[in-house]
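The values are calculated or read from the model by the stated rules, or taken from the named source; none is laboratory data. In this text the structure is predicted, and so the values were computed from the model without any measurement. Quick reminder, even Gly has a Cβ in these numbers, built from the backbone with ideal geometry, and neighbours come from all protein chains shown.
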Amino acid sequence: MDFIPEDIEAYCQKNSDTENEILASLNRETHVRYLRSRMLSGHLQGVFLKMLSCMIKPERILEIGTYTGYSAICLSEGLQKNGILQTIEINYELEDIIRKYIKKADLDDKIELLMGDALEIIPQLNNMYDLVFIDADKENYINYFNLVINKVVKGGFIIADNVLWSGKVLNPAPNDVETNAIIAFNEYALNNNQVENLMLPLRDGLMIMRKK
């Protein structure tokens, strides 16, 4: 995620809304306690996800890959009054911190945490979603897309994170499974006639898809 100049990213952060106290605390705790803290959406992307959610005003959101809950809290900002965000996380070691910050943010009635394998959980969900955020294992991005596309309302959105994968998509090594999976997903999404596409070079790359 280091391909965007640090001074430019810092300038963008300086000129964007600041993190609230809860998000800042979650950001710090994640970086202190977890080795893969770069997986956290973080300040700039968090503001973007909040803004996008507030524009869409979703009734239902599905997030695939919770990590420590930062993006779920940001996305929940745009939910309608009786809306719900369901978020799926496979790593049970993260459950305590996720629930801790959902509670701190007073979002127990807005965010439903589903622990387990998203490939098994998604087929059991009977809801239709206005917004889906995919930020889990890269090898399964195409599978996640195919599992959720018929659960997204017409005109709804799917957002996929890490679609630039630290810029490695431009020069992938043949044995780099994750990078090649991301490239395959990007091409799959672009050529899928069920969605319109916009790829943004924000943080590690976001693919925004609107269901036709």
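In the condition set (1) aliphatic (A, V, I, L, M); (2) modelled with pLDDT under 95; (3) buried (at least 19 other Cβ atoms within 10 Å of the Cβ), LEU35 is compliant with all but (3). Quick one: what pairs do we get from segment 176-191, first residue acidic (Asp, Glu), second loosely packed, with under 15 Cβ neighbours inside 10 Å, C-beta under 8 Å, 6+ apart or different chains? The qualifying pairs are GLU178/GLU139.
A search for C-beta distances below 8 Å between a residue of segment 119-134 that is more than 20 Å from VAL195 (Cβ to Cβ) and any residue that is part of a strand (DSSP E or B) and modelled with pLDDT of 95 or more, counting only pairs 6+ apart in sequence or on different chains, returns ILE121/ILE88; ILE121/LEU114. The condition (being farther than 19 Å from ILE64 by Cα, touching a residue at least 12 places away in the same chain (Cβ under 8 Å) and loosely packed, with under 14 Cβ neighbours inside 10 Å) is satisfied by just one residue among GLY167, GLY155: GLY155. Taking segment 40-114 and the helices (runs of 4 or more DSSP H) fully enclosed by it, the elements with 1 or more residues that are within 11 Å of the chain's Cα centre (by Cα) and not small (Gly, Ala, Ser) are at 42-56, 70-75.
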